[in-house]
Amino acid sequence: MKVNQKNILEEAENALRACLQRVPFLEIECLERELKVGDVCIDIVATVRIAKQRQRLALEVKNNGQPRVARAAAYQLARILEREPDVYGVFAAPYISPQTAEICVQEKIGYLDLAGNCRLAFGQVYIEQECKPNPFAKKRDLRSLYSPKAARVLRVLLTDPKKAWRVQALAEEAEVSLGQVSNVKSLLEDREWLKRSAAGLLLKDPESLLSEWSGSYNSRKNVPRNYYTLKSIAEMEADLAKACEGEGTVYVLTGFSGAARYAPSVRYQRVMAYVSRDVESIAEILSLKEVASGANVTLFTSYDEGVLYGARQIDGICIASPVQVYLDLLGVKGRGEEAAKTILDEVIRRSW
C-alpha cells in the first residue's frame, strides 16, 4: 500500500491520535501542521495536557522510513530541541524497520508508523506497540531493490563484500545500466548497508542484505520441468554436465545438488539445475521422462540470467554461486531450510 505525499500528514495525525488516546490521563489539546521554529519547519506539532502540565510533540514525517532518512530526521529534530528543549521529537513514516526503531531509541526520539506501531516516551507517558500488521511494509523500494536487474547488482556485491566498486565497473560486471546501479546504490545507502570509500562503493552489511533479500526471493519465478530417471544422482549430474557441454548450453547445479558440492554433509535425492536453453532437447538426450509426481530431476529455466553469476566448477561440474544455492534452497520444502543454513554458516559467512 502506498501513501501519497498529499495525505501522509493526515495519516500520521490519525496514527498519533490513536496511540495517545490509549493514555487515560492524557488529553490532546491541538494538532498543528508545518509550524516554523526559527529556520526549521516542523511537519506536525501536537500539544497534549497531562494533569496541569502541557507537553509539545514535534513530528518529522517522511514517506521513507529507512535508517538513513531516520538519522536525517533525528538531526532535524535535534536542531528544534536546541531552541525548544521541552519539545519531544518523534519520527513518523509509513513503515518503521527494526533498524530504524533502534536508531530512534539511540537518538532519544520517539517513532510512529502509519499502522500505529510506536514507541513514545515523555514525562509520565510511555507507549510501545510493535505487533500491529503494517500494510505499508511491502514498499515499492523493496520490489525495486530485488527486481531481476537489481538482483544482478546484489549478486556481484555479495560475492565479495570486501571489494570496492566504481559505479561504471559495477554496471559492467552486473551487465546492467548505470541508472540501475545508481538506483540500487541509493536504496542500499538508505538502509545504511553501503558505504563510499576512496576505492569506491563497499557493501558494509552483507548479512542484513542477504537476510532481507531471502525474505523477498521467490524461486517460483523460475520455470521448473520435473523428470524421472533410473540413473543414480551422481551419474545423472555427470551426464547432465556432459550433455549441456556437448550442446553448448550453459547450466549450473543448484539447490541440494549445489549445496552438496559446498558442504558434503548435505544429503539429497533430487538433481536440481538451471539450464539456460533447450531444456526439452537436453531432457531428450538424457532420456528423462517428464512426470507430474515422484520426480528426481528438476531442470529450471531461470527468470533471469543473473542466477548464473558467480558459478564455479567443482570436480568438473558447474555449480551455482553459494548465494544463489542458498536462495534456491529456502524455497525447497522439507530439508531445504536446514541445508540453506548449512551453506550460510559453513560457506557464505566464512567467505565474508
Looking at LEU77, LEU59, which one is buried (at least 23 other Cβ atoms within 10 Å of the Cβ), in contact (Cβ under 8 Å) with a residue 24 or more places away in the chain, closer than 13 Å to LEU16 by Cα and not charged (D, E, K, R)? LEU59
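For the structure I just gave you, tell me whether ALA101 is buried (at least 19 other Cβ atoms within 10 Å of the Cβ), outside the structural domain of LEU194 (by TED's automatic domain parsing), touching a helix residue (DSSP H, G or I) at 6+ places or on another chain (Cβ under 9 Å) and in a helix (DSSP H, G or I).
Values: buried (at least 19 other Cβ atoms within 10 Å of the Cβ): yes; outside the structural domain of LEU194 (by TED's automatic domain parsing): yes; touching a helix residue (DSSP H, G or I) at 6+ places or on another chain (Cβ under 9 Å): yes; in a helix (DSSP H, G or I): yes.
Criteria met by ALA101.
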Among residues of segment 188-224 being touching a strand residue (DSSP E or B) at 6+ places or on another chain (Cβ under 9 Å) and in a helix (DSSP H, G or I), the residue farthest from PHE300 (Cα to Cα) is GLU189
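Of everything in segment 97-109, what is touching a strand residue (DSSP E or B) at 6+ places or on another chain (Cβ under 9 Å) and among the small types (Gly, Ala, Ser)? Give them in sequence order. Quick ask: steps written out before the conclusion?
To start, the set of residues in segment 97-109 that are touching a strand residue (DSSP E or B) at 6+ places or on another chain (Cβ under 9 Å) comprises 100-101, 103-105, 107-109.
Listed by number, the list holds a single entry, ALA101.
Looking for something assigned to a helix (DSSP H, G or I) and closer than 18 Å to VAL323 by Cα - is there at least one such residue anywhere in segment 262-282?
Going residue by residue through segment 262-282, those that are assigned to a helix (DSSP H, G or I) are 262, 279-282.
From what is left, the residues that are closer than 18 Å to VAL323 by Cα are 262.
Checking segment 262-282: at least one residue is assigned to a helix (DSSP H, G or I) and closer than 18 Å to VAL323 by Cα.
Given the residues GLU32, GLU82, which is the only one that is among the acidic types (Asp, Glu), closer than 26 Å to ASN7 by Cβ and either touching a helix residue (DSSP H, G or I) at 6+ places or on another chain (Cβ under 9 Å) or surrounded by fewer than 20 Cβ atoms within 10 Å (Cβ to Cβ) (or both)?
On the way: GLU82 fails: closer than 26 Å to ASN7 by Cβ.
So the residue among GLU32, GLU82 that is among the acidic types (Asp, Glu), closer than 26 Å to ASN7 by Cβ and either touching a helix residue (DSSP H, G or I) at 6+ places or on another chain (Cβ under 9 Å) or surrounded by fewer than 20 Cβ atoms within 10 Å (Cβ to Cβ) (or both) is GLU32.
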The one condition PRO206 fails out of (1) surrounded by 15 or more Cβ atoms within 10 Å (Cβ to Cβ); (2) farther than 21 Å from SER147 by Cα is (2)
Apart from one, (1) at pLDDT below 95; (2) within 25 Å of the chain's Cα centre (by Cα); (3) closer than 18 Å to ALA121 by Cβ all hold for ALA92; the odd one out is (1)
Mind listing just one residue for me: the one in segment 211-228 that is small (Gly, Ala, Ser) and crowded, with 17+ Cβ neighbours inside 10 Å and, of those, farthest from LEU288 (Cα to Cα)? SER214
Among the listed residues LYS185, LYS231, which satisfies the condition of being without any contact (Cβ under 8 Å) to a residue 24 or more places away in the chain, surrounded by 14 or more Cβ atoms within 10 Å (Cβ to Cβ) and over 31 Å from the mean Cα position of the chain (by Cα)? LYS231
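The values are calculated or read from the model by the stated rules, or taken from the named source; none is laboratory data. Remember, predicted model here, so these are calculated numbers, not experimental data. Backbone-built Cβ (ideal geometry, glycine too); neighbour counts: all protein chains shown.
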